[in-house]
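First up is the structure itself, then whatever we jot down about it.
The values are calculated or read from the model by the stated rules, or taken from the named source; none is laboratory data. Fair warning: this is a prediction, and the values are worked out from it, not measured in the lab. All Cβ positions, even for glycine, are placed from backbone atoms using ideal geometry, and neighbour counts span all protein chains on display.
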């Protein structure tokens with residue numbers, strides 16, 4: 001696996017800085033609708049970095065398909081200890097750092113939803129259930145839950161999706177065992193970083209994950225028009 005991984009679409013079935021409380025996302029109607037100033041500035045920097053590319057995976061891939069499935073761009077395959085991240089300027093994956101051996105590899109496929117910007121200015125994270133997936137692939141899935149999370153930069157929750165079967169149903173369930181394994185990993189994966197922390201207060205329904213995808217896509221579309229300060233979008 002190299003840094004210039006080929007970007008492809010994985011077809012699983014032929015179907016169609018402010019402190020933000022995690023409690024604010026318990027109801028999809030109260031998903032925070034303000035992108036902090038630092039997040040807006042990072043959005044603008046990412047858009048600028050993507051300008052030279054005729055096709056850019058984050059800028060030009062839809063977050064939600066016509067059939068309602070969510071696109072997840074895989075950065076890190078399940079089991080990988082390498083912290084791959086999508087470089088906006090190069091438009092490819094690069095290794096940011098190694099996860100310590102004692103923590104083990106990622107217990108779930110990890111990436112982001114295209115055309116989104118989360119509260120810290122990074123693309124909104126997605127966790128994809130199932131066997132290890134190749135970095136650089138785009139996986140169509142349906143939301144099955146959300147992992148509420150906070151770190152030193154604020155709200156950092158992650159939508160959980162599952163690839164679908166031929167009937168358009170989730171191929172994999174978000175079980176209690178998966179929640180425990182994934183939650184424990186993300187509680188501990190920053191312990192070796194000075195000044196960093198992470199908390200996983202709990203898990204929520206698919207509706208919260210879908211609401212966060214829609215809100216972070218609204219940030220992507222609307223907040224580039226704001227020239228200073230935070231960006232507030234209509235619900």
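Condition check ((1) at negative phi; (2) surrounded by 18 or more Cβ atoms within 10 Å (Cβ to Cβ)) across all residues:
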residue: 115; (1), (2): no, yes
residue: 128; (1), (2): yes, yes
residue: 136; (1), (2): no, yes
residue: 143; (1), (2): yes, yes
residue: 148; (1), (2): yes, yes
residue: 154; (1), (2): no, yes
residue: 177; (1), (2): yes, no
residue: 183; (1), (2): yes, yes
residue: 193; (1), (2): yes, no
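Exactly one residue out of 139, 128, 94 is closer than 18 Å to residue 53 by Cβ and out of contact with any helix residue (DSSP H, G or I) (no Cβ under 9 Å at 6 or more places or on another chain), and it is 94. The residue that is nearest to the chain's Cα centre (by Cα), among those in the stretch 166-182 that are at pLDDT 95 or above and in a loop (DSSP other than H, G, I, E, B), is 174. Can you tell me which residue in the stretch 122-165 is nearest to the chain's Cα centre (by Cα), limited to those that are outside any strand (DSSP E or B) and over 16 Å from residue 72 (Cβ atoms)? It comes out as 156. In the stretch 220-235, which residue that is under 13 Å from residue 59 (Cα atoms) and touching a helix residue (DSSP H, G or I) at 6+ places or on another chain (Cβ under 8 Å) is modelled with the lowest pLDDT? My answer is 224. Might you let me know whether the stretch 92-106 holds any residue that is surrounded by fewer than 22 Cβ atoms within 10 Å (Cβ to Cβ), modelled with pLDDT of 95 or more and on the phi > 0 side of the Ramachandran plot? No; the residues of the stretch 92-106 include none that is surrounded by fewer than 22 Cβ atoms within 10 Å (Cβ to Cβ), modelled with pLDDT of 95 or more and on the phi > 0 side of the Ramachandran plot.
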